[in-house]
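Q: Quick one: structure below, then a few questions.
The values are calculated or read from the model by the stated rules, or taken from the named source; none is laboratory data. These numbers come from a predicted model, not from an experiment. Because the Cβ atoms are built from the backbone with ideal geometry, glycine has one as well, and the counts that use them run over all protein chains shown. The area values use the complete protein model at the heavy-atom level, side chains included, leaving out ligands, DNA and RNA. Shrake-Rupley method; radii C 1.70, N 1.55, O 1.52, S 1.80 Å.
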Protein chains: 2
Amino acid sequence: MADQPEPPNVRETALAWESLFRCQVTIMRRLQTLPDFRELNMREYDVLFNLKRAPDCGLRLGDLNEHLLLSQPSLSRMIDRLVTRGLVARIADPADARAVLITLTEAGAEVQQRIGRAHVRHINEVMAEGLSRDELCQLRRLTQALSDSVGPS
Amino acid sequence: MADQPEPPNVRETALAWESLFRCQVTIMRRLQTLPDFRELNMREYDVLFNLKRAPDCGLRLGDLNEHLLLSQPSLSRMIDRLVTRGLVARIADPADARAVLITLTEAGAEVQQRIGRAHVRHINEVMAEGLSRDELCQLRRLTQALSDSVGPS
DNA sequence: CGCTATTGTATGCAAACACATATAAATGTG
DNA sequence: CACATTTATATGTGTTTGCATACAATAGCG
């Protein structure tokens, strides 16, 4: 028999999660103090960011919601506000009359891009000291693998 | 000259952050659906968890706040509610009459421990499939290093 | 010392949020 | 094809949040 990779025990998993979570909180707190998110708070930016990576026809509200830590009703109302501000649009889904497709408007795409640039610059300032290129790459690989294994189910 | 470790470029840092952030959102969404957080939501649990790891005399409200993604006034009011529920107590700081020390009550410690146990079990169910023991250890090391480099400044 | 600046927490208030539920369309079933 | 069930989003309502600011105590400085 080949060596079976021993499954991680509860303690190891909990420590990894705690560290991941705390790291995210720490970075988030730093980012929130920056002026990038005065025009659009982080949750709103994240909505635009997710829409940017979506097909041109947009995303159904429920699908968009899956990527966010926000209840469905709260997202629905956030979309109301973003529509009022002209950053996104609600389009009836031609394939399902119950559904709505949310899309970025041109103004929304412009705002996302502008904030995104500043954001990325600041991310770099905050993170680049702590890890080397190689380590950042490893971190990306590990978190990606974790997302992939958790997400689908 | 020895090889200088080349500093990560903006793109690499942004990809790592995005992946880390998205991973955290994915796991969080899974955890939130579990019944662990009916008695206490995740933010509230996190407050108790942070108090658990604190010295017996407790933590000043401001210090506690540094570990949370919550504004100082919001934390102050959350503490109000937790005091009402008998889970934490406000104690005047003997060294500084402006400050308040927040401590876990016995009931609060009991609740934290009970929820914590279930939480840890579920964390393990969610995460253990995706990464090996060794990878979890690496993930922990990398996120720890990142926290350490970001936090102090 | 007296007096301004700073620090630590709390409160008024409007905005945003979650929960339960309503509405409306699609799907499944006898 | 009627009718219950499920799916997708929206709305009513009380709670929680953040912003601005008030309050209270310490620190700093002439």
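Q: Which net charge results when you count Lys and Arg as +1 and Asp and Glu as -1 among the other residues whose beta-carbon is under 14 Å from that of residue A:101?
A: Details: positive: A:60, A:90, A:98; negative: A:56, A:63, A:93, A:96.
Result for the local shell: -1.
Q: Treating the range A:4-68 as a set of equal point scatterers at the Cα positions, no solvent, please give the Debye-formula log₁₀ I(q)/I(0) at q = 0.14, 0.30 Å⁻¹.
A: Normalising to I(0) and taking log10 leaves -0.67, -1.18.
Q: Could you please state, rounded to a whole Å, how far the C-alpha centre of the range A:90-153 is from the C-alpha centre of the range B:74-141?
A: If you average the Cα positions of each part, the centres end up 29 Å apart.
Q: Further question: Just to be sure I understand the curve: with the Debye formula and one point per C-alpha of the protein assembly as shown, what is log10 I(q)/I(0) at q = 0.08, 0.09, 0.13 Å⁻¹?
A: -0.42, -0.53, -1.08
Q: Let me know the shape class of the range A:1-124, please: from the alpha-carbon gyration tensor, a ≥ b ≥ c as square roots of the eigenvalues, rounded when a/c is under 1.5, otherwise prolate if a/b is greater than b/c, or oblate.
A: oblate
Q: I would also like to ask the following. Expressed as a rounded percentage, what relative contact order does chain A have, with Cα pairs under 8 Å and six or more residues apart?
A: Numbers: 95 pairs, mean separation 31.5, N = 153.
The normalised contact order for chain A reaches 21 percent.
Q: Given A:62, A:83, A:112, which one lies farthest toward the positive end of the charge dipole of the range A:54-114, if we put +1 on the Cβ of every Lys and Arg and -1 on the Cβ of every Asp and Glu?
A: Of the listed residues, the answer is A:83.
Q: Once ligands and nucleic acids are excluded and a 1.4 Å probe is used, how much of residue A:57 is accessible, expressed in Å² to the nearest 10?
A: Only protein atoms counted, so the area is about 80 Å².
Q: Among A:85, A:77, B:38, B:29, what's the order by accessible area (1.4 angstrom probe), most exposed first? Mind showing how you got there, number by number?
A: Numbers: A:85 110, A:77 150, B:38 200, B:29 75 Å².
Putting A:85, A:77, B:38, B:29 in descending order of accessible area: B:38, A:77, A:85, B:29.
Q: Suppose every K and R has +1 on its Cβ and every D and E has -1 on its Cβ; what is the size of the dipole of chain B about the Cα centre, in Debye to the nearest 20? Walk me through the numbers on the way to the answer.
A: Working: 20 positive and 21 negative charges, 118 e Å.
Using only the charged Cβ atoms, the result is roughly 560 debye.
Q: While we're on this one: Can you compute the helix-only [θ] at 222 nm over chain A? Use -39500 (n - 2.57) per DSSP H run of at least 4 residues, normalise by all residues, nearest 500 deg cm²/dmol. Kindly include the intermediate steps, with their values, before the conclusion.
A: Values: 6 runs with 92 residues, N = 153.
Value at 222 nm, helices only, nearest 500: -20000 deg cm²/dmol.
Q: Starting from the 7 Å offset along Cα-to-Cβ, what nm value, one decimal, do you get for the label separation of residue B:38 and residue B:89?
A: Using points 7 Å along Cα→Cβ, the separation is 3.0 nm.
Q: Here's another thing I want to ask about it. Could you do me a favour and compute the accessible area per residue for the range A:36-139, 1.4 Å probe, result in Å²? Spell out each step's value before the answer.
A: Numbers: 5590 Å² over 104 residues.
Per-residue accessible area for the range A:36-139 comes out at 54 Å².
Q: Measuring from the axis that superposes chain B on chain A, report the chain B residue with the minimal C-beta distance, rounded to whole Å.
A: B:24, 2
Q: Enter the buried accessible area of the B/A pair, total of both sides, probe 1.4 Å, in Å² rounded to the nearest 100. Present the calculation step by step, with values, prior to reporting the outcome.
A: Numbers: alone 11530 and 11520 Å², together 16790 Å².
Buried area (both sides, nearest 100 Å²): 6300 Å².
Q: Round to a whole number: what % of the accessible area of chain B belongs to carbon and sulfur, probe 1.4 Å? List each step's numbers first, then the result.
A: Details: 4240 of 8400 Å².
After summing per-atom areas, the C and S share lands at 50 percent.
Q: Assuming R0 = 25 Å, can you tell me the calculated FRET efficiency for the pair residue B:97 and residue B:74, based on Cβ-Cβ distance, to the nearest 0.05?
A: Working: r = 24 Å, r/R0 = 0.95.
For residue B:97 and residue B:74, the calculated efficiency is 0.60.
Q: At R0 = 41 Å, how high is the FRET efficiency between residue B:117 and residue A:106 if r is their beta carbon distance? Nearest 0.05 is fine. Intermediate results must be reported in sequence, preceding the final value.
A: Numbers: r = 51 Å, r/R0 = 1.25.
That pair, residue B:117 with residue A:106, gives E of 0.20.
Q: Quick one: net charge of residue B:10's neighbours, Cβ under 10 Å, K/R +1, D/E -1?
A: Every neighbour counted, the sum reads +1.
Q: When only the heavy atoms of the protein chains count and the probe is 1.4 Å, how do B:110, B:125 rank by accessible area, highest first?
A: On the way: B:110 90, B:125 110 Å².
So the residues, ranked largest to smallest area, are B:125, B:110.
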